[in-house]
Amino acid sequence: MAAEFFRISGLDNIVAERGPTALRIVVGGQLRKLRVAADISPEQAGDRIRGSHAKISRLELGRTSFKERDVRDLLNLYGVRDPAEVESFLRLVRRANEPGWWHRYGDLMPSWFETYLGLEHAALSIRTFEAQLVPGLLQTEAYARAVVALGHENVEATRRVELRKRRQELLDRASGPTLWAILDESVLHRPIGSTKVLRDQLEHLVRMTEDNLRVTIQVLPYSAGGHAALGGSFTMLRFAEDELPDMVYTEQLTSSLYLDRQNDLENYRRVMDRISVQAETPDRSREILRAAAAQL
């Protein structure tokens, strides 16, 4: 088990670059592997740290921060007692407990969206279908300001736009994700902000597909008629590590859903695959974007 245990040390800088959410889930996954290898039940592990099996589940899924005392006790229970190994693991725990850059904007957003930002920052690939607006990762500052103004008429508008700009930095990161966005054609014509704001936004989408090889945009035209994603917008996140399962994110006005059950994932993959076939090709979509901008 020592070789398997030490595998995580090689993930330190690679995963940590994608933020504490990724590292927390990887550390939790390693704790689960150690528990299973030691033939320890969640109930037994929970008893050792004066908690319940539900607490063990949250720790192993990376859904909560770690207490060093709990981790020490669990490692001891699982047979990891070498001081150097324990300290190496605890260093990762400390990094996993560090707040992400988005924490400073916590007063602007609900906790469920903070969770999404952590997962987005950790993703290897992002596939998204958007039925109403340009995805936040692709919005210009002016377009983002107009979107924010629709629902937030307060002095925090500038910080909300700043938050969106910070999110977009991950597309320029060396280890950043690929982004594959399918936009309903209505997104190209919905008047958000002024005519100039929308025209500049569409031109920005064209540039993104030309300048960033990791960005792909398809337009789902009106001529496609009914399609499998009529239920609304959604995003699929995929991660590099086995400990990080694929996830589907959907958002409502006051809440969100995170789906990671295999049946749900398969259903959404099928929907995404179907609409990617119904949508125009990336090259044709770029021409549609250019034409829509020229008409404004």
### Unmet requirement for Leu198, which otherwise passes all of (1) among the hydrophobic types (A, V, I, L, M, F, W, C); (2) open to solvent by 40 Å² or more (accessible area, probe 1.4 Å); (3) within 26 Å of Val148 (Cα to Cα)
(2)
### Message
Can you confirm whether Thr250 is modelled with pLDDT under 95, of a type in the set (Val, Ile, Thr) and open to solvent by 50 Å² or more (accessible area, probe 1.4 Å)?
### Response
no
### Query
Which members of the stretch 201-217 meet the condition of being more than 20 Å from Glu120 (Cβ to Cβ) and either open to solvent by 40 Å² or more (accessible area, probe 1.4 Å) or not in a helix (DSSP H, G or I) (or both)?
Glu203, Arg207, Glu210, Asp211
### Pair list, Cβ < 7 Å and 6+ apart or interchain, from the stretch 248-264 residues that are more than 12 Å from Phe234 (Cα to Cα) to residues that are of a type outside the set (D, E, K, R) and surrounded by 10 or more Cβ atoms within 10 Å (Cβ to Cβ)
Ser255/Trp112; Asp260/Pro245; Asp260/Met247; Asp264/Val248
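Return yes when Gly225 is open to solvent by less than 50 Å² (accessible area, probe 1.4 Å) and of a type in the set (Gly, Ala, Ser) and no when it is not.
Taking the combined requirement at face value, the residue satisfies it.
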### Task
Quick one: in the stretch 254-294, of everything that is out of contact with any helix residue (DSSP H, G or I) (no Cβ under 9 Å at 6 or more places or on another chain) and in a loop (DSSP other than H, G, I, E, B), which residue is farthest from Thr21 (Cα to Cα)?
Thr281
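Quick test for you: out of Leu92, Leu117, Leu74, pick the one residue that is surrounded by 13 or more Cβ atoms within 10 Å (Cβ to Cβ), modelled with pLDDT of 90 or more and among the hydrophobic types (A, V, I, L, M, F, W, C). So that I can check it myself, show each step before the final result.
Details: Leu92 fails: modelled with pLDDT of 90 or more; Leu117 fails: modelled with pLDDT of 90 or more.
Selected residue: Leu74, the only one of Leu92, Leu117, Leu74 that is surrounded by 13 or more Cβ atoms within 10 Å (Cβ to Cβ), modelled with pLDDT of 90 or more and among the hydrophobic types (A, V, I, L, M, F, W, C).
Can you say whether Ala228 is more than 29 Å from Val26 (Cβ to Cβ), of a type in the set (Gly, Ala, Ser) and in contact (Cβ under 8 Å) with a residue 24 or more places away in the chain, as far as the supplied structure shows?
yes
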### Query
For the stretch 1-31, which residues satisfy the criterion of being part of a helix (DSSP H, G or I) and either loosely packed, with under 15 Cβ neighbours inside 10 Å or modelled with pLDDT of 90 or more (or both)?
Ala2, Ala3, Glu4, Phe6, Arg7, Ser9, Gly10, Asn13, Ile14, Leu31
## Note on the structure
When Gln139 is run through (1) closer than 22 Å to Leu205 by Cβ; (2) surrounded by fewer than 21 Cβ atoms within 10 Å (Cβ to Cβ), the failure sits at (2)
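The values are calculated or read from the model by the stated rules, or taken from the named source; none is laboratory data. Just so it is clear, the structure is predicted and the values come from calculations on it, not from any experiment. Cβ sites come from the backbone with ideal geometry, for glycine too, and all protein chains shown count toward neighbours. When the accessible area is computed, the model is the full protein with side chains, heavy atoms only, and any ligands, DNA or RNA have been set aside. Shrake-Rupley method; radii C 1.70, N 1.55, O 1.52, S 1.80 Å.
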